[in-house]
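To keep things clear, I will list the structure first and then write my remarks on it.
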Amino acid sequence: MTVVRRLAPTSLAAALVLGSSLLARVAAASPPEHERSAVELRVSGRVIEAGGERRGVAGAVVLIVDAPASARPGKRAHEPLDPDAIAWMRRAETDTEGHFVIDEVPAGKVRVVVVAPGYTRFEQWAALDGASGTDELDLYIRPDLRSDYRTVVESEPEPDYAVEPEHVLDGQQGRGYAGSGDDPLLAAQNLPGVARSPLGLGLIGFRGGDPREAGLYVDGHPVPRAFHVLPIASVLSPPMVAQVQLSPGNYSAAYGSFGGGLVEIESRPGGREGIHGQAHLDLFDFGTTVSGAVGKGSVHVGVRRSHVGDVLRAIDALPVGSPHFWDYLARFDYPLRPGHELTVRALGAGDRLTDDELFDFGASFHRFDLEYRRSSEDWTMLVSPSLRLDGSRLIRGNSELRRVAEVYSLRAAFTRRTQLPWLKLEFGSDLVVERWRRQQRVEQVFYTFDGEQVPYAEPRVDNSRGDQMRLGMWFGVPLELGAWRLVPAARANLFAYSGYPQLRLDPRVDLRGPVHPRVELLAALGMYSTPVVLVRTADSDLIDEDGEIGDGRADVPQYLLTYFEPGIQTDAEDRSSSATYVIHASTGVRVDLPWDLEARATGFWREGLPKTLDRTGRDPYYYGRRRSMGLELLLRRSLVSGVVDGWVGYTLMWARVDTEDGSWLPAVFDQRHNFVALLSANLPRGFRLGLRFRLVSGNPETPVVGRQIGSNNGRWSYRPIRAPRGTTYQPLFHQLDLRLDKQWVLDRTSVTAYLDVQNVYNRLYPEVWIYTSDWAERRSLIGLPIYPSLGVQVDF
């Protein structure tokens, strides 16, 4: 599907007026034919956007006029064009790739003028010698960042599935937003329905749900985590991200097994014209990407490595340990023949977090994909197998825990257009099989008693293994009922965790259509089955809940601890798994407003059904009901629409979880109010200024209201007594972030320097309280101070 975005009426009109005026004046004052050059040429060339991408500019008006003998070919023409002094003129307009051809151009010195909407006017002297009977011109024009419109002609494939995600963020656009740290997935966390993550951690929780219940996919296959351990970076290098898709609730039947929403990241294929790339360096990491043509296909490769641990160590600011991370992605796309395309991908990411006195943690994954697409006028097909290799290691004290896994994934999808214009069929299947092994090794520990070494713990080695499977088969029937689209669908899920199968059926329906030329109604209802796993009790945490920090106690919430090692804490004991349902319902409107504004209002209801797991002779495990409801508001303006872009979003929400005794408690991310203003504006001379302001209700707390005192071998011990969660809440969160970019555009290269400062007024928010060692009082807190991200990016 070819998309032509809106032109600037004023810029296009100016080009037409200029050409018409010159033609009229030249016709009125044209010199005799014998005074013109006897040699006439064919001039061809291309109008190219200056900078690293070097895309062809469509719809540009190219004018060639005569020039005085004093003109200096290759130099910019700074003198204003005088129509009365022009003896002749030739005119053309570029095609969708930026190419143009002009015939009957007299040889000699000429003036070349290019006018295109969204670009600064180009005027340059040239010399046409006619040695070969034709001349080639490559004309590089610079974007006008303050123009109201840009002309962009691009080919976009049709969406793979009829049910589209609720939010789609362009990967390269999202990098430039304040507070994002140049990462589009961090920018996407500011959209309505996404909870504010404590400490800026890479937790994506939708509509009050558990972040561990959200699906995380890159190019159609799952990844173990969306972010590195250090939350300033996602596991995909930003230049490689094509777009980020978020579905806070209802999502396509092509995906399943997640009751907490879906995150999809699509990587960028390589360009097929020349060699392009990007290199960046900032305070946290450095990396590079390169793309280019390989025969009829393309390749795109990107690598990144952090040095943030070295920077933090140099300024003596290491509150948790020394963090390091790396990631890579390489993809090869090749059209086998018309309608057949093959894609090969390899991606991976790794982290290490160390503290000399507490722990040494490392985790990594490597994934290898093959994707085959077949398309014709009536049907499309996608088949994609994948292999992922996971590994993690935790050394803490006298114990070492290792886990390795092989994850096999397969996705197949088919779309068939019928002879009925209003009917289309979609069906497919996806399979995820994980085989894991873990080993926990404990060394013997001694302590001194009455001057003798007494064994405290015997050495042991515990080995375990298991497998888990998720199989889904789905179909949908998209119905085009005039301007309305109705998509009834169903998905059958088979879960098998440690050999204990569970079968669930998920009916879903999606409806959208216009109720006014500018107003679209949206509604969706569906069931989403999700496995329920009883977490192993033998796991170790990186940082203990109520762990020691200096001579105090850190009151660390459990959900923050599980973030650091999600793979280690998801293995199920034999027959300790089941499945339940989460019901999502939403309805809303989308309105097109003047000045290219888009407004969206969505009301939602989320209901997670309870489940009791029989533990064969032990106390049953109760998985409580989860409920949330609320309203999401979004006012958005796109970058291609003009000088200012960004959005203002607000979420009003209630989220509750019931307990086994029938009482309801606030959910962990019960954030009643969540307001985000994210705006960015182009300024003169290549500057761009952005800001983000957040105002969010605090999370519920389980406050310490007393303490238990005990004695063991003459040592006093203290354990906190807590009130129910939600007895108190954290205070209101507010933060201002600013970003300033400066871009220098050359013909074949662009250089961008940026400064992204988070928490500008340095408000230290109490994310984690530090209590005295006896839990008598809390005396300090852990929060993120002001911190900048300073970097430079070179596109070539």
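The values are calculated or read from the model by the stated rules, or taken from the named source; none is laboratory data. As the structure is a prediction and not an experimental result, all values here were calculated from the model. Don't worry about glycine lacking a Cβ; one is built from the backbone with ideal geometry, like all the others, and counts go over all protein chains shown.
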For this session: Collect the residues in region 317-338 that are modelled with pLDDT under 90 and hydroxyl-bearing (Ser, Thr, Tyr), keeping them in residue-number order.
Result: Ser322
Problem set entry | Tabulated pairs, region 400-413, first more than 13 Å from Tyr255 (Cβ to Cβ), second in a strand (DSSP E or B) and acidic (Asp, Glu), C-beta under 6 angstrom, 6+ apart or interchain | Ala405/Asp390; Ala405/Glu434; Val407/Glu434
Exercise. What do you reckon, is Asp182 in contact with a Lys or Arg (Cβ under 8 Å, 6 or more places away or on another chain) and charged (D, E, K, R)?
Worked result: yes
For this session: Look at region 614-659 and say how many of its residues are outside any strand (DSSP E or B), at pLDDT 80 or above and either acidic (Asp, Glu) or closer than 29 Å to Asn250 by Cβ (or both).
Result: 3
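Specify which of the listed residues (Leu382, Leu370, Leu431, Leu389) is crowded, with 17+ Cβ neighbours inside 10 Å and assigned to a strand (DSSP E or B).
Sole residue among the options that is crowded, with 17+ Cβ neighbours inside 10 Å and assigned to a strand (DSSP E or B): Leu382.
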For this session: Quick one: which residue in Gly98, Gly52, Gly59 is at pLDDT below 80 and small (Gly, Ala, Ser)?
Result: Gly52
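Take the conditions farther than 28 Å from Trp664 by Cα, in contact with a Ser or Thr (Cβ under 7 Å, 6 or more places away or on another chain) and in contact (Cβ under 8 Å) with a residue 40 or more places away in the chain and apply them to Val751. Does it pass?
No; evaluated as a whole, the condition is false for this residue.
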For this session: Within region 60-76, track down each residue that is surrounded by fewer than 20 Cβ atoms within 10 Å (Cβ to Cβ) and not hydrophobic (A, V, I, L, M, F, W, C).
Result: Pro68, Ser70, Arg72, Pro73, Gly74, Lys75, Arg76
Seminar exercise, completed: The strands (runs of 3 or more DSSP E) lying entirely within region 727-796 that contain at least 3 residues which are closer than 30 Å to Glu53 by Cα and either in the same structural domain as Val704 (by TED's automatic domain parsing) or touching a Lys or Arg at 6+ places or on another chain (Cβ under 8 Å) (or both) are 733-745, 750-758, 787-795
Exercise. For region 216-296, list the strands (runs of 3 or more DSSP E) that sit wholly inside it and hold at least 1 residues that are aromatic (Phe, Trp, Tyr), surrounded by fewer than 21 Cβ atoms within 10 Å (Cβ to Cβ) and at negative phi; which are they?
Worked result: 285-294
Exercise. Among the residues of region 168-226, which ones are hydroxyl-bearing (Ser, Thr, Tyr) and at pLDDT 90 or above?
Worked result: Tyr177, Tyr217
Exercise. What number of residues within region 98-126 are within 21 Å of Ala58 (Cα to Cα) and among the aliphatic types (A, V, I, L, M)?
Worked result: 7
Exercise. Applying the selection to region 188-215, what residues are under 21 Å from Gly608 (Cα atoms), of a type in the set (A, V, I, L, M, F, W, C) and assigned to a loop (DSSP other than H, G, I, E, B)?
Worked result: Ala195, Leu203, Ile204, Ala214
